[in-house]
Amino acid sequence: MTLKVFLRDSLLGVKVTLLYSIFRGLDALTRSVLVENEGGEPFYLEKVLSACVDMDDRDFEMLGLFGSWARERHIQRMPLGYGRQNIASVKGESSHQEHPFLALVTPGTSQESGEVYAMNFVYSGNFIAQAEKSQFNSVRMMMGIHPEGFTWKLEPGERFTAPEAVLVYSGQGLGRMTRTFHDLYREHLIRSPYLHEKRPILINNWEATYFDFDEKKLLEIAEDAAALGIEMLVMDDGWFGKRSLDDSSLGDWYVNEEKIKGGLHALVENVKKLGMKFGIWIEPEMISPESELYRRHPDWAIRIPGRDITQSRAQYVLDFSRDEVVDGVYEMIAEVLRSADISYVKWDMNRQLTTLGSCALPPDRQGELSHRYMLGVYRMQERLITDFPHLLLENCSGGGARFDAGMLYYSPQIWCSDDTDAIERLAIQEGTALIYPVSAMGAHVSVCPNHTVGRTTPFETRGDVALLGTFGYELDITKLSEEEKVLVKSQVEKYHKYNDLIREGDYYRLASASENRYYDSWMIVEKDKSRALLFCVQVLAEANAKSRFLRLKGLDPDKRYLAEGKTYAGRTLMHAGLRIPAAFGDFKSRLIEITEASLL
Ligand code: GLA
């Protein structure tokens with residue numbers, strides 16, 4: 001249900017509608033703002049935040065998610081002092097570095113106890129999330145589009161809608177907040193027909209080949225993958241234009257037939273003959289200076305006339321505030337998608353917005369560029385999933401720079417991070433799952449030494465960590481040893497056995513290696529509490545260590561459960577704990593299934 005509060009400034013002729021929506025059974029509400037010009041003259045909006053809450057201070061601490069490329073969404077807690085503290089992005093994307101999420105928590109808040117007031121933004125562009133503590137010890141918490149660089153001209157009769165902010169309350173710690181966000185997003189935000197489906201186990205060739213591949217190499221990978229039960233081949237960056245490095249061809253969305261000999265259709269048909277689906281990588285928002293598209297349309301890039309455009313990864317950003325740019329790129333990509341049976345698209349976005357200027361906007365509307373850009377991105381994604389309703393869309397942005405609720409409205413999954421190291425992923429996935437359903441987290445098994453950090457971890461651990469997400473592979477499967485191939489088969493089996501539970505269940509955090517240094521643990525519990533999965537990763541081994549009793553969460557205290565061949569009362573597992581023997585060696589993982597005893 002939505003409550004609308006109407007406000008009117010008759011002097012200026014401004015009408016503001018505040019929209020508050022509530023959701024049955026969830027301690028959440030959303031808030032957005034609609035501004036209308038009912039007067040006779042144009043005016044300029046300079047700041048339109050989406051939510052604002054005033055409270056008395058409760059010695060709040062502030063919780064946010066911070067990081068960088070390959071190190072996204074690490075949880076950070078800090079005291080809330082006097083003055084203003086904010087978390088923000090003016091990079092044109094929700095960003096690797098700071099995240100459109102802010103929670104104020106009472107002192108000592110844990111997973112189970114303490115009060116939490118959280119805000120998350122359903123938006124993928126510039127944002128500010130701010131907490132302000134005043135002289136009277138009152139606290140104001142706000143979230144919205146970042147006012148820096150923003151103006152919006154409203155002509156008489158025009159309206160502006162600020163994106164929705166989601167507000168969640170928990171009186172039972174962070175765990176409860178997490179589960180409210182997960183349920184809210186699964187029930188009310190993610191629309192994809194794949195939301196409640198087991199996604200095909202994919203193998204992506206990026207870390208296997210980078211730009212160095214042809215159709216033969218891809219088919220070799222597909223053949224070995226199919227034999228092990230992998231269900232979809234994803235052809236990553238490098239298949240189009242003249243692209244053989246990251247320095248050209250973005251915008252030239254046609255197949256490079258020197259690489260993909262015989263064309264895309266033939267490749268896809270050959271992959272399908274192996275019983276696999278086929279997916280493709282695109283980066284629609286970008287243009288390489290070295291491209292046919294740029295030679296034809298230099299004004300399509302975001303730029304300030306007369307100034308050099310800053311290059312990043314040797315590319316410029318397309319001006320998606322312009323319909324003709326969005327439509328032009330869309331047509332090229334749609335043609336590729338129509339030319340072969342493509343089941344999946346990975347939509348990437350590999351640089352931030354700089355040298356902000358649009359060749360099409362008049363001077364007094366230049367401040368609209370960043371928001372119009374986001375609306376253009378959303379428009380194209382809407383068109384894509386409408387015209388190709390069976391397409392499984394995965395968003396991505398240099399890893400996880402746009403893992404946000406705005407994107408989840410269009411795609412049921414988002415690539416979480418370019419860092420595929422299982423140990424680095426613990427903190428990244430912990431921070432991401434603090435808000436977003438694990439069914440949305442793109443997670444793959446890759447080779448060791450890991451390409452980002454050089455670490456070697458057991459193959460089993462890499463599989464267990466990737467199971468807490470969409471699950472897939474990102475390696476040259478033709479180079480795996482026979483032993484590793486056997487492990488792939490058993491991981492594929494585990495995926496099929498457990499994915500329904502992992503995707504639809506309740507997530508509980510038991511321990512965080514970011515806090516304790518030694519071990520990480522989480523659980524997924526079936527909604528009816530009849531079954532659960534316990535994951536434990538021993539990050540560092542300790543000398544002379546004794547077993548650890550892990551106190552489980554989310555079970556029914558009155559039910560009896562079977563775990564590792566023994567039965568226990570739910571209350572025993574939750575209060576006394578399950579004994580987890582110390583393992584010999586670092587990076588060891590365990591996955592334990594817990595089933596209601598009477599069901600066996
Ligand atoms: C980004 C993505 C990677 C890969 C490369 C290709 O970094 O996050 O997964 O697709 O681009 O250039």
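Values as computed for the structure displayed
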read-out	value
Residues with amide H under 5 Å from that of Gly39, placed H, sequence gap 5 or more	Gly157
Cross-link table Lys485/Lys546; Lys259/Lys346; Lys527/Lys566; Lys494/Lys559, entries beyond 30 Å C-alpha to C-alpha	Lys485/Lys546
Amide H contacts under 5 Å for Lys588, placed H, 5+ residues apart	Gln538
Hydrodynamic radius by Kirkwood, which averages 1/r over all alpha carbon pairs of the chain, in angstrom	25.4 Å
Gap separating the Cα centres of region 484-547 and region 183-247, nearest whole Å	25 Å
Proximal lysines relative to Lys4, as straight alpha-carbon distance under 22 Å, when same-chain residues fewer than 8 apart are discounted	Lys15, Lys47
Distance cut-off 23 Å, percentage of C-alpha pairs in region 508-599 lying past it	22 percent
Under 5 Å, built H, 5+ apart or other chain: amide partners of Met286	Leu318
Net charge, Asp54 excluded, C-beta distance under 10 Å - Lys, Arg +1, Asp, Glu -1	-1
25 °C / 0.890 mPa s Stokes-Einstein diffusion coefficient of region 423-508, Kirkwood radius on C-alpha pairs, µm²/s	182 µm²/s
Region 2-188, Rg to Rh (Cα coordinates; Rh as Kirkwood inverse mean 1/r)	0.99
Where Rh is the Kirkwood radius over Cα pairs, Rg/Rh for region 100-251	1.13
Overall Cα dimensions of region 301-349 - principal axes, largest extent first, Å	43, 24, 14
Note, ³J(HN,Hα) from phi for region 425-437, Karplus 6.51, -1.76, 1.60, rounded to Hz, x at Gly and Pro	5, 4, 6, 5, 6, 5, x, 5, 6, 4, 10, 9, x
Charged-residue dipole, Cβ positions (Lys, Arg, Asp, Glu), the chain about Cα centre, Debye nearest 20	1620 debye
At 1.306 mPa s and 10 °C, Stokes diffusion of region 182-228 via Kirkwood alpha-carbon radius, µm² per second	118 µm²/s
Calculated from backbone phi, Karplus (6.51, -1.76, 1.60) coupling profile of region 38-49 in Hz, x at Gly/Pro	9, x, x, 10, x, 9, 10, 7, 10, 7, 9, 7
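The numbers here are math on the coordinates, done by the rules we state, and not lab data. Just so you know, these numbers come straight off a predicted model, no measurement behind them. Note: ideal-geometry Cβ built from the backbone for every residue, glycine included; neighbour counts use all protein chains shown.
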